[in-house]
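Asker: Here it is, the structure in full.
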Amino acid sequence: MKEEQLTYEQAYGELQQIIADIESGEISVDLLSEKVKRAAALIQLCKSKLTSTENDVQKILDDLKSTN
């Protein structure tokens, strides 16, 4: 699944799995770099989605204030 098609929950879930695998030692040294890169991409995606949502909510709140 492409990153832009992932929901926040899917990206966060995958990130949690990567972290669990790293902490448990289930990832080989050969795959570690790949998993860390994927985790970084997922973190960026989650951050972007959170920022976008925060901006949307703030705009809605600002619009509500201006109509009163």
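The values are calculated or read from the model by the stated rules, or taken from the named source; none is laboratory data. Please read all numbers here as calculations on a predicted model, not as lab measurements. A quick note on method: Cβ atoms are made from the backbone with ideal geometry, for glycine too, and the neighbour counts reach across all protein chains shown. Heads up: the accessible areas ignore ligands, DNA and RNA and are worked out on the full protein's heavy atoms, side chains in. Shrake-Rupley method; radii C 1.70, N 1.55, O 1.52, S 1.80 Å.
Asker: Against the longest alpha carbon principal axis of the chain, how many degrees, from 0 to 90 and to the nearest 10, is the axis of helix 8-24 turned?
Answerer: It works out to around 30 degrees.
Asker: Next question, about the same structure. Report in % the part of the accessible area of the chain that belongs to carbon and sulfur, leaving out ligands and nucleic acids; probe 1.4 Å. Display every interim value, and only then the final one.
Answerer: Values: 2980 of 5430 Å².
Whole-percent figure for carbon plus sulfur exposure: 55.
Asker: Rounding to the nearest 10 and keeping the result within 0 to 90°, find how far the Cα-based axis of helix 29-67 lies from the longest principal axis of the chain.
Answerer: 10 degrees
Asker: Ok, one more. What are the semi-axes of the equivalent ellipsoid of the chain, taken as the square roots of 5 times the eigenvalues of the Cα gyration tensor, listed largest first and rounded to whole Å? Write out the running numbers ahead of the final one.
Answerer: On the way: eigenvalues 252, 20, 14 Å².
Value: 35, 10, 8 Å, ordered largest first.
Asker: Could you tally up the Lys pairs in the chain with alpha carbons closer than 23 Å? Skip any pair fewer than 8 positions apart unless they're on separate chains.
Answerer: Within the chain, the lysine pair count is 10.
Asker: To the nearest 500 deg cm²/dmol, what mean residue ellipticity at 222 nm is calculated for the chain from DSSP H runs of n ≥ 4 alone, each contributing -39,500 (n - 2.57), summed and divided by the residues?
Answerer: On the way: 2 runs with 56 residues, N = 68.
After summing the helix terms and dividing by residue count, I get -29500 deg cm²/dmol.
Asker: Something else now. Using DSSP to call loops (not H, G, I, E or B), can you name the GluC sites (Glu not before Pro) in the stretch 1-41 whose Cβ has at most 14 other Cβ atoms within 10 angstrom? Before the final figure, lay out each step's value.
Answerer: On the way: sites: Glu3, Glu4, Glu9, Glu14, Glu23, Glu26, Glu34; in loops: Glu26.
Passing sites in the stretch 1-41 are Glu26.
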